[in-house]
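Asker: Take this structure, written in structure tokens, and hold onto it; I'll ask about it next.
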Amino acid sequence: KIVIDAPILIIGSGYGGAVSALRLCEAGKKVVMLEMGLNWEKSGIPFSNLLKPGKSAAWLKKKTISPFMNIFSLTPFTGTLDRMDFEHINIWVGRGVGGGSLVNGGMAVTPKESYFKEVFPDLDADQFYNTYFPLVHKELKVNVISEQFLKDCPYYKFTRVGEAEAHKAGFKTIRVPNVYDFQYMEKEYRNEVPRSALNTEVIYGNNHGKNSLDKTYLKKAMETGNLEILDLHCVDNIKLNDDTTYTLEVQQTDTSGTVVSDKVFNCKKLILAAGTMGTLKLLLKSAAVNNLPVHEQIGKSWGNNGNFMTGRNWVKPLSGGTGSKQSTIPVGGIDNWDDKEHPFFTEIAPLPMGMDVATALYLLINRVDKKGSVSYDASTKKLSLDWNGSNTAKMRENADYFIKKMNRANGGTRSHFLFNNGFGADVCYHPLGGCVLGKATNEYGKLKDHDNLYVLDGSLIPGTIGVNPFMTITAIAEYCIENLIRQNEFA
Ligand code: FDA
């Protein structure tokens, strides 16, 4: 086996990993980052779009795994989108250098301050709203679509129709910022540059326009000369040594998923940023196979961020419609959060199927009043999730209320075309929690019962944040790593 020593190791190149890498590299530390997915930029392989799924479409699957319309067969490849299936919920995640930023819709939403305070009563909200959220807004290159372009562009008919219908039903709408460069989008519309968002590119990666982490945090970290990213390196388990260092068993694969090398990494400091599910799997599996100490709070307070998909079909499909051409980048949302009975936020989502399917798609984000928990099943060697219909009951009630109110005002039916019964309770894009800040970790993400192990990713957020989560994940990672560096944790 090849043995490699690295003082500081980061597992995962999503938001938490990228922030940690940049700030440590800026502080002059040498950092090695292990990422199980491919470095797409370096590989030169283009991302595929929704209508012609290719290499990037799915992580080692024979068929596409988008939430609907999976009629395409694939040759297994280390693609960007993966799905983990549990009994009552399917969880989608991004794979590759950049993690979830490669596949996500780029919606860059700052949570409501009142809810942030409720979720994180021990954090200084003023500091977050005055310092960390503005900082990540700048670093992630967040921008807002021009109202004129939105009004004129045929690719945003779905948003205009969605907003008009919401207003007619008495709902309040909001403009949603994004990391997709809207100046670029205007140029694509004028055919001055290659098309990406206007060419059905998103959940299998964007070739242009989107400021994913490889274009922001990771690029800056690489420019320091202190970061080495090893892609196609999957960490299997972690062992705590007597001298408080860590040893990791790692498998390097090729793009067909075949193991080409078994490696061992030794490190003094280890940052887990493998995303909520990846981090929980590594911790809980390592506890089972290597007796890695794990605090009793690990696996607790897990949630789907209230994700609940639903949709509407028009009664007379051809009378209205959402447009045959749709941008993949959502810019509109409905904000019903302050309604005491039915608090939710929903994205007015695109459905770029290449034809007018006269269907509106919504991803609701609800409160998660009943949390789930995650454990490791040593017999199946898989994570198991304590999560069922009782956890999503209130979310379903909200979706039902929303769809009925929209249909009463505008016509239409709940969409059975998209989901079996019109409700996608099992669709989760935002797994959060299980390693909650201040509970399983100290106040800055250092794991309890450990001297040299840190968690900096979505698992720090206790299952819910009320809006799309990457702004919060990034802000919390900034806050934690700044304080950990200040406390000389990486000296
Ligand atoms: P993240 O999941 O980004 O990164 C973890 C990385 O670790 C991955 O690259 C993974 O491959 C790697 N890894 C895992 N296990 C490993 C192992 N054992 N060894 C090596 N590497 C390992 N959010 C939002 O705010 N706005 C939005 O518009 C959307 N839209 C959206 C759409 C879709 C389709 C999805 C799937 C998700 C979203 N999200 C979103 C959610 C958002 O992308 C997500 O919350 C963040 O990417 C999570 O960031 P983390 O840093 O926690 O991990």
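The values are calculated or read from the model by the stated rules, or taken from the named source; none is laboratory data. In this text the structure is predicted, and so the values were computed from the model without any measurement. A quick note on method: Cβ atoms are made from the backbone with ideal geometry, for glycine too, and the neighbour counts reach across all protein chains shown. Note: accessible area is taken over every heavy atom of the protein model, side chains too, but ligands, DNA and RNA are not part of it. Shrake-Rupley method; radii C 1.70, N 1.55, O 1.52, S 1.80 Å.
Asker: Hey, any hits in segment 478-488 for a residue that's outside any helix (DSSP H, G or I) and more than 30 Å from GLY321 (Cα to Cα)?
Answerer: Yes, segment 478-488 has at least one match.
Asker: With the requirement that a residue be away from the ligand (no atom under 14 Å from the Cβ) and in a strand (DSSP E or B), what does segment 192-227 give you?
Answerer: LEU227
Asker: To continue, here is another question. Quick check on this structure: which one of SER261, SER256, SER286 is of a type in the set (Gly, Ala, Ser) and closer than 19 Å to TRP40 by Cα?
Answerer: SER256
Asker: Moving on. Take the conditions open to solvent by less than 10 Å² (accessible area, probe 1.4 Å) and either within 13 Å of the ligand (Cβ to nearest atom) or at negative phi (or both) and apply them to ALA58. Does it pass?
Answerer: Taking the combined requirement at face value, the residue satisfies it.
Asker: Let me ask something additional. Checking the conditions here, which among ILE10, ILE4 is open to solvent by 30 Å² or more (accessible area, probe 1.4 Å), in contact (Cβ under 8 Å) with a residue 60 or more places away in the chain and β-branched (Val, Ile, Thr)?
Answerer: ILE4
Asker: On to the next question. Go through the residues of segment 33-55 one by one and say whether even a single one is crowded, with 23+ Cβ neighbours inside 10 Å and part of a strand (DSSP E or B).
Answerer: yes
Asker: Continuing with this model, one more query. Just checking, does segment 391-411 include any residue being more than 16 Å from the ligand (Cβ to nearest atom), farther than 27 Å from GLY98 by Cα, out of contact with any Ser or Thr (no Cβ under 9 Å at 6 or more places or on another chain) and of a type in the set (Gly, Ala, Ser)?
Answerer: yes
Asker: Tell me, yes or no, whether segment 136-149 has at least one residue that is in a helix (DSSP H, G or I), open to solvent by less than 10 Å² (accessible area, probe 1.4 Å), within 13 Å of the ligand (Cβ to nearest atom) and not basic (Lys, Arg).
Answerer: Scanning segment 136-149 turns up at least one residue that is in a helix (DSSP H, G or I), open to solvent by less than 10 Å² (accessible area, probe 1.4 Å), within 13 Å of the ligand (Cβ to nearest atom) and not basic (Lys, Arg).
Asker: Next up: Taking into account only those residues within segment 109-128 that are in a loop (DSSP other than H, G, I, E, B) and more than 15 Å from the ligand (Cβ to nearest atom), which is nearest to GLY458 (Cα to Cα)?
Answerer: Among those residues, the one meeting the criterion is PHE120.
Asker: Now, a different point. Look through segment 229-254, keep the residues that are more than 14 Å from the ligand (Cβ to nearest atom) and open to solvent by 50 Å² or more (accessible area, probe 1.4 Å), and return whichever of them is nearest to the chain's Cα centre (by Cα).
Answerer: In this case the residue turns out to be ASP254.
Asker: Here is a follow-up. Quick test of your reading of the structure: VAL436 fulfils all but one of (1) surrounded by 24 or more Cβ atoms within 10 Å (Cβ to Cβ); (2) β-branched (Val, Ile, Thr); (3) over 16 Å from the mean Cα position of the chain (by Cα). Name the failing condition by number.
Answerer: Checking VAL436 against (1) surrounded by 24 or more Cβ atoms within 10 Å (Cβ to Cβ); (2) β-branched (Val, Ile, Thr); (3) over 16 Å from the mean Cα position of the chain (by Cα), the one that fails is (1).
Asker: In addition: Can you find, within segment 73-83, the residue that is most open to solvent (accessible area, probe 1.4 Å) among those that are out of contact with any Phe, Trp or Tyr (no Cβ under 8 Å at 6 or more places or on another chain) and not aromatic (Phe, Trp, Tyr)?
Answerer: THR75
Asker: Same structure, new question: Which members of segment 329-366 meet the condition of being touching a Ser or Thr at 6+ places or on another chain (Cβ under 6 Å) and not aliphatic (A, V, I, L, M)?
Answerer: GLY332, PRO350, PRO352, ASP356, THR359, TYR362
Asker: If we keep just the residues of segment 91-108 that are within 6 Å of the ligand (Cβ to nearest atom) and among the aliphatic types (A, V, I, L, M), which is surrounded by the fewest Cβ atoms within 10 Å (Cβ to Cβ)?
Answerer: Looking at residues that are within 6 Å of the ligand (Cβ to nearest atom) and among the aliphatic types (A, V, I, L, M), I get MET107.
Asker: Taking GLY162, is it surrounded by 20 or more Cβ atoms within 10 Å (Cβ to Cβ) and over 22 Å from the mean Cα position of the chain (by Cα)?
Answerer: yes
Asker: Oh, and also: I'd like to check something: does segment 463-477 contain any residue that is touching a Cys at 6+ places or on another chain (Cβ under 6 Å), under 29 Å from ASP126 (Cβ atoms), not in a helix (DSSP H, G or I) and not acidic (Asp, Glu)? Before the answer, list the steps.
Answerer: Filtering segment 463-477 for residues touching a Cys at 6+ places or on another chain (Cβ under 6 Å) gives none.
No: zero hits.
Asker: Could you please tell me which pairs satisfy a Cβ distance under 6 Å, a separation of 6+ or placement on different chains, a first residue in segment 273-301 that is among the charged types (D, E, K, R), and a second residue that is open to solvent by less than 50 Å² (accessible area, probe 1.4 Å) and within 15 Å of the ligand (Cβ to nearest atom)?
Answerer: Listed pairs, sorted by first residue: LYS281/LEU383; LYS285/ASN237; LYS285/TYR376.
Asker: I've got another one for you. I'm told LYS29 meets every condition in (1) over 19 Å from the mean Cα position of the chain (by Cα); (2) surrounded by fewer than 18 Cβ atoms within 10 Å (Cβ to Cβ) except one. Can you identify the failing condition by its number?
Answerer: LYS29 satisfies all of (1) over 19 Å from the mean Cα position of the chain (by Cα); (2) surrounded by fewer than 18 Cβ atoms within 10 Å (Cβ to Cβ) except (2).
Asker: Consider GLY424 carefully, then state whether it is within 20 Å of PRO67 (Cβ to Cβ) and either within 16 Å of the ligand (Cβ to nearest atom) or in contact with a helix residue (DSSP H, G or I) (Cβ under 6 Å, 6 or more places away or on another chain) (or both). Lay out the reasoning, then the answer.
Answerer: Details: within 20 Å of PRO67 (Cβ to Cβ): yes; either within 16 Å of the ligand (Cβ to nearest atom) or in contact with a helix residue (DSSP H, G or I) (Cβ under 6 Å, 6 or more places away or on another chain) (or both): yes.
So GLY424 passes the test.
Asker: I need the full set of residues from segment 73-85 which are part of a loop (DSSP other than H, G, I, E, B) and in contact with a Lys or Arg (Cβ under 7 Å, 6 or more places away or on another chain), in order please.
Answerer: Within segment 73-85, LEU74, PRO76, GLY79, THR80 meet the criteria.
Asker: Of the residues that make up segment 61-72, is at least one part of a helix (DSSP H, G or I), surrounded by 16 or more Cβ atoms within 10 Å (Cβ to Cβ) and touching a residue at least 40 places away in the same chain (Cβ under 8 Å)?
Answerer: Checked against the condition, which is being part of a helix (DSSP H, G or I), surrounded by 16 or more Cβ atoms within 10 Å (Cβ to Cβ) and touching a residue at least 40 places away in the same chain (Cβ under 8 Å), segment 61-72 yields no hits at all.
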